[in-house]
Amino acid sequence: MRLDPGRSYDLIGDVHGCARTLVRLLDSLGYSQQGGVWRHPRRQVIFLGDIIDRGPRIREALHLVHDMVEAGQAYCIMGNHEFNALGWDMPAPPESGKQFVREHSPRYARLLQETFSQFEAHPQEWQAFREWFYQLPLYLDGERFRVVHACWDKDVIARLRERLDQGRLDPEFLREAAIDGSFACSALDRLLRGTDMPLPNGIRLTSDEGFTRASFRTKFWEENPRTYGDIVFQPDALPEHAACLPLTDSQKSRLFLYGPDEPLLFVGHYWRSGHPRPIRANLACLDYSAVKYGKLVAYRLDQETRLDSAKFVWVEVERPEH
């Protein structure tokens, strides 16, 4: 699916059920509700995925985003949380050794818990939204700019263009994603979760939510990294003794790079904090931890070919949101 390169867009990061905050942000961007849909006379929104899970008003957020998309006022791409929701109920193929595409583990049960709870009294609505998730493309290409939830890999996307209709998942591809090592599994992991690397020396990290990991998320734009600390890209830092360890030439060669001369790229996913700004002149992450009382962030894109710090717009998430 391609975008109009001459159009002006407002790109919005991970909402995660913060519907009231989203309304405040749209209002600040000059959108108004007309006929039950948020509209702007000249601009469109692009949502970067992860509309569901975690937050207090997931159902309201989904209705708002869905109605904007259906009315031609917005686009929305798939995030890893929408993928999780589809995979939770999809039976896995026998050769995967799994029962469902998305394992019914404590981790994923916890991530989806708020969504299931808020739709408990509205099962038909939830079924309709799950069907709508199949309409969300994994990426959008505006020629001079690109949009993906976590990481743009042009080789993966070239193959996806041959497999999927307009970059949209279908049930067959979703089922294939349950097979470890399959193209579907690796492609969805790259686009929806980004790049990672095993932690050195048997180190394990435990997140604020209590999940233990043996790997860490990595930058995909660092051109000359030397240590583990140079490439870490996640809220929880590496232990100091691990961050100082040098990367081997083999490790460096396996790092993915989105080059500085590529088109503008917008991602969400990464739970940033602080003052919203570009990561690099052609790269912006718009996820500033809204559901953790951070900021819901937008970038107002017009015809620029290099990102402008002054065009980030955000609202602080107020405690009453929860």
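Descriptive notes on the structure:
- All told, F233 falls short of being touching a Gly at 6+ places or on another chain (Cβ under 9 Å) and closer than 20 Å to L11 by Cα.
- Only one of the listed residues (P278, P239) is surrounded by fewer than 19 Cβ atoms within 10 Å (Cβ to Cβ), touching a Phe, Trp or Tyr at 6+ places or on another chain (Cβ under 9 Å) and not small (G, A, S). That residue is P278.
- Boolean, A61 is hydrophobic (A, V, I, L, M, F, W, C), over 20 Å from the mean Cα position of the chain (by Cα) and surrounded by 18 or more Cβ atoms within 10 Å (Cβ to Cβ): no
- Subset of segment 182-202 (residues that are open to solvent by 40 Å² or more (accessible area, probe 1.4 Å) and at pLDDT below 95): D196, P198, N201, G202
- Among the residues of this structure, L205 does not count as one that is open to solvent by less than 40 Å² (accessible area, probe 1.4 Å) and under 20 Å from the mean Cα position of the chain (by Cα).
- Of the residues making up segment 130-151, those that are open to solvent by less than 10 Å² (accessible area, probe 1.4 Å) and either within 20 Å of F83 (Cβ to Cβ) or without any contact (Cβ under 8 Å) to a residue 12 or more places away in the chain (or both) number 11.
- Residues of segment 281-320 satisfying the condition of being more than 15 Å from L264 (Cβ to Cβ) and open to solvent by less than 10 Å² (accessible area, probe 1.4 Å): D287, Y288, A290, L296, V297
- R107 falls short on exactly one of the conditions (1) open to solvent by less than 40 Å² (accessible area, probe 1.4 Å); (2) within 18 Å of H269 (Cα to Cα), and that condition is (1).
- For first residues located in segment 68-97 and closer than 23 Å to D4 by Cβ, partners that are open to solvent by 40 Å² or more (accessible area, probe 1.4 Å) and not in a helix (DSSP H, G or I) and lie 6+ apart or on another chain with Cβ distances below 6 Å form the pairs Q73/R39.
- Figure legend. Inter-residue proximity from segment 232-244: first residues more than 14 Å from A214 (Cα to Cα), second residues part of a loop (DSSP other than H, G, I, E, B) and modelled with pLDDT of 90 or more, beta-carbon distance below 6 Å, spacing 6+ or different chains. Indicated pairs: F233/K219; P235/W271.
The values are calculated or read from the model by the stated rules, or taken from the named source; none is laboratory data. Keep in mind that what you see is a predicted model, and the values were worked out from it rather than measured. Cβ: placed from backbone, ideal geometry, glycine included. Neighbour counts: every protein chain shown. In case anyone asks, the SASA skips ligands and DNA or RNA and just uses the protein heavy atoms, side chains included. Shrake-Rupley method; radii C 1.70, N 1.55, O 1.52, S 1.80 Å.
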